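Encoded as structure tokens, the structure appears first; notes follow it.
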Amino acid sequence: MAGPTVRLGGGELAARAVVQGATRIEFLRAVERRVPEVLDALVRDVLPAWKVDGGAQALDGWAGWFFLKADWVQEAAETALRYYDRFPDLSSPPVWPSLDGGGCSFGSRKQRLISIEEDYLPHLERRADVEKRILKNVRARFREIEAAAQGLGPRQRALPSWHFEAAALWQCGGWDAAEIADDLGRQRREIEGHPDQDALAPIRRAVESLCKRLPLPHRPGHPGKRPLIR
């Protein structure tokens, strides 16, 4: 007669598209929080044209103005326009709709169950022997998972939240590194860097690195033809 079944948890392997999708969502959320002018302009300038003729030209102008010219941003913007048209309440004040599970999920999820089932008969087996057998099987499962994960590309470290705020302010707000450092707190250890280095270099590196990861064309300096948005 079999004893109780030991079932050890569940887990997930995230494909590179999923990791990238989560990064894009966090960036768009930072844009929503720190540069609300982006979504205000989407409603004010693009939505009327979108209702008439699809708004391709207006959307392209919007993306160029805020340095958001990328296919995945256009996908998010078009989804937002559909929602604003159907649910006007979302446009006052405007927010990005359904980023976490709707039309802007930016990639599909690959699920992989991690489970182990073992028989344990206390009246026939020593607990220590059963523990050894279970640990052996757990290690074998971990090796299988690690082998499968090799095909998903290198692990990407989680980025601090200020990277996303800095990128939103730089790309869409027209801020420079000094203004961003002042806003975020120049004394913060992760921004300041070493005393003998340029204190603004970490800001610039963070923005450039995140733009590559998204990907998003990096804005080279001030826009020039408009005042800074503060």
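The values are calculated or read from the model by the stated rules, or taken from the named source; none is laboratory data. In this text the structure is predicted, and so the values were computed from the model without any measurement. Neighbour counts are summed over all protein chains in view; Cβ atoms, including those assigned to glycine, are modelled from backbone coordinates with ideal geometry. Quick note on the areas: whole protein, heavy atoms, side chains included, nothing else; ligands and nucleic acids left out. Shrake-Rupley method; radii C 1.70, N 1.55, O 1.52, S 1.80 Å.
Results, tabulated for the structure shown:
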item	result
With DNA, RNA and ligands ignored, accessible area of Val95 (1.4 Å probe; Å², nearest 10)	40 Å²
Cβ crowding within 10 Å averaged over residues, with 31-44, 54-67 ranked highest first	31-44, 54-67
Projected label distance in nm at Asp45 and Arg133, using a 7 Å step from Cα toward the beta-carbon	6.9 nm
Per residue convex hull volume, Cα atoms of the range 42-85, in Å³	56 Å³
